[in-house]
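S.K.: Before we start, here is the structure in question, set down as structure tokens.
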Amino acid sequence: FHDGFIPPYRMEIGRYLFYRGRIQYPALIKALSWQRKHRPAIGDIAMRWGWLDPHTVRRILDCSGRFLLFGQRGIHLGILTPFQVRVLLTYQRSRQQKLGRYFVEQGLLHHYEMERLVAELKAHNARITLARRGV
């Protein structure tokens, strides 16, 4: 478990739980992997919306060269626009499981603890935002 201060920058819940000493780093990695497995793929979303067909998805996936994520590859190939990728990512994120759910389901945190820690994270991030604005 992390045993130190909480860094003075905005965080998402997984990193916050780690810095609070509530979860270990390997648990965070497992949770992120679980979350990734339980969200729709961007290519699948784009096909459902009629933006891509299976052949084009395969073309993006087969794009070689430097390491790029699916959306970046689509932009690089001129198949997707940056706006489309932002929309796809926003939709994908709205459909993924909440990371805190993993920790509750695994018995690492109780539901009420998770809710309290989320509230603490929101307060932390609000303080950081105000400090950056010089308020």
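The values are calculated or read from the model by the stated rules, or taken from the named source; none is laboratory data. Owing to the predicted nature of the structure, the values given are computational and were not obtained by experimental measurement. Heads up, the Cβs are rebuilt from the backbone with ideal geometry, glycines too, and the neighbour counts pull from every protein chain shown. Surface areas here come from the heavy atoms of the whole protein model, side chains and all, with no ligands, DNA or RNA. Shrake-Rupley method; radii C 1.70, N 1.55, O 1.52, S 1.80 Å.
S.K.: Just checking, does region 104-119 include any residue being aromatic (Phe, Trp, Tyr) and open to solvent by less than 60 Å² (accessible area, probe 1.4 Å)?
M.R.: no
S.K.: Within region 94-135, restricting attention to residues that are polar (S, T, N, Q) and in contact (Cβ under 8 Å) with a residue 24 or more places away in the chain, which residue is farthest from Trp34 (Cα to Cα)?
M.R.: Thr129
S.K.: Which residues, taken from region 99-117, are more than 16 Å from Ala31 (Cα to Cα) and among the aliphatic types (A, V, I, L, M)?
M.R.: Leu117
S.K.: For region 75-94, which residues satisfy the criterion of being farther than 17 Å from Ile13 by Cβ and open to solvent by 100 Å² or more (accessible area, probe 1.4 Å)?
M.R.: Listed by number, the residues that qualify are His76, Phe83, Arg86.
S.K.: Here is a follow-up. Being outside any helix (DSSP H, G or I) and either modelled with pLDDT of 95 or more or not charged (D, E, K, R) (or both) is the filter here, so list the residues in region 71-117 that pass it.
M.R.: Leu77, Gly78, Ile79, Leu80, Thr81, Gln96, Gln97, Gln106, Gly107, Leu108, Leu109, His110
S.K.: If you check every pair at least six apart or on different chains, which have Cβ atoms under 9 Å apart with a residue in region 12-37 that is within 25 Å of Thr129 (Cα to Cα) first and a residue that is acidic (Asp, Glu) and open to solvent by less than 70 Å² (accessible area, probe 1.4 Å) second?
M.R.: Qualifying pairs under 9 Å: Tyr16/Glu120; Arg20/Glu120; Arg22/Glu113.
S.K.: Would you kindly identify the helices (runs of 4 or more DSSP H) lying entirely within region 13-70 that contain at least 2 residues that are open to solvent by 90 Å² or more (accessible area, probe 1.4 Å)?
M.R.: The helices (runs of 4 or more DSSP H) meeting that bar are 25-37, 54-61.
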